Amino acid sequence: MRTLAGRQHGVVARRQVIPLGASRSAWRARSRSPGWELITANVLRLVGSPVTLAQRCMIAVLDVAPQAYVSRQSAAALWGIPGFRVERVHVTRTRSASSAQSPVAVVHESRFLPGRHGTVRDGISVTTVERTIFDLAGCVHPERVERALDNALRQQIVSLEPLRRVTVELLARGRKGSRLMRQLLAARGSGYVPTGSGLEADFLALLVAAGIELPEGQVDLGADGWIGRVDFYYRHLRLVIEIDSVTFHSTKLDCDADARRDEAMRSAGFAVLRITEPELRHHPDAVVARVRAALAVHPDASGPASGRRNDHIRGQNPRGQRETPTGVAG
């Protein structure tokens with residue numbers, strides 16, 4: 001039993017160690033064995049095993065199982081999608097006659113939960129990233145869903161075509177969140193490149209609110225060679241805008257690396273404007289003024305965000321092009 005617990009984050013289920021038909025007293029006797037702790041009526045925990053997110057999710061699935069998956073916000077956290085914390089584990093199971101709940105999970109039931117919508121991560125049954133994102137569309141704020149989708153795309157744990165297939169399956173059943181998923185996928189063509197972070201999404205929202213033309217996002221720049229992928233780029237001005245988070249751009253090493261890259265871009269003929277996280281968070285009006293000043297050198301740069309460059313509203317570079325001082329290199 002300890003070997004099994006070692007493969008399952010320190011926990012085992014009653015059905016795994018007690019033969020079907022065994023009495024409750026046999027399970028209670030097993031639960032009183034030295035070194036074991038009864039977590040629920042169905043799950044034992046090995047005393048001393050680390051209490052982790054993975055263990056909590058495993059306990060919830062084993063308690064609700066069979067045919068149950070960690071889902072919704074909990075699945076997003078388990079997949080490592082930023083922005084989701086787990087207070088109580090959400091689990092989705094196929095709808096059945098039983099309506100039993102769990103003391104360690106928020107239990108949801110679904111009439112449509114085919115096996116292909118579930119998988120195993122770190123030994124834990126969990127909804128696929130595609131199903132997870134669709135489920136989020138029905139239970140959290142649309143902006144959080146959009147950010148989760150872009151983060152998953154950026155982390156390369158999901159791609160658009162499998163997500164579209166799952167969405168089509170669920171649209172046909174009128175699932176909650178269908179309208180939002182249809183909108184999010186319609187806005188993302190085959191060449192879509194997601195913004196690199198939540199800060200970048202906030203920057204784009206600030207430009208939209210100010211009526212400023214939107215730049216392309218996540219563009220590879222280089223002259224004789226590749227310099228790097230930049231956060232935002234105004235092609236007609238050869239203007240690069242970088243959004244510097246405190247996490248990745250505050251140490252001396254980070255600042256030195258940024259300075260070297262800026263010098264390489266300026267030597268190649270690009271202008272560079274850096275905006276820090278504190279500026280964006282606490283001085284948005286100043287950020288707008290800085291961007292307006294940079295764009296003012298070009299007479300066509302003051303149009304509204306809904307104007308001629310709306311194809312870049314999501315930060316995409318549709319052809320995956322690389323920019324050089326003399327034009328675009330394929």
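Some notes on this structure:
- Backbone phi angles across the stretch 26-35, fed through the Karplus curve with coefficients 6.51, -1.76 and 1.60 (θ = phi - 60°), yield HN-Hα couplings of 5, 5, 5, 5, 5, 5, 8, 5, x, x Hz in residue order; Gly and Pro are listed as x.
- Only Lys, Arg (+1) and Asp, Glu (-1) charged, at Cβ; the stretch 1-95 dipole about Cα centre in debye: 240 debye
- Cα shape, the stretch 1-51, gyration tensor, a/c 1.5 rule: prolate
- Computed label-point distance, nm, for sites L253 and A172 using a 7 Å Cα→Cβ extension: 5.2 nm
- Using alpha carbons only: equivalent-ellipsoid semi-axes of the stretch 118-262, gyration tensor based, whole Å: 32, 19, 15
- For the stretch 43-141, the set of chymotrypsin sites (Phe, Trp or Tyr not before Pro) satisfying both a DSSP loop assignment and a count of at most 15 other C-beta atoms within 10 Å is given as F112.
- Treating r as the C-beta distance of V246 and R28 and R0 as 45 Å, the FRET efficiency rounds to 0.30.
- For the stretch 70-204, the percent of C-alpha pairs falling in each 10 Å distance bin, counted from 0 to the bin holding the largest distance, reads 12, 44, 34, 9, 1.
Bear in mind these aren't lab numbers, they're just calculated from the coordinates by the rules spelled out. Everything numeric here is computed off the predicted structure, so don't read it as measured data. We place every Cβ from the backbone using ideal geometry, glycine too, and count neighbours over all the protein chains shown.
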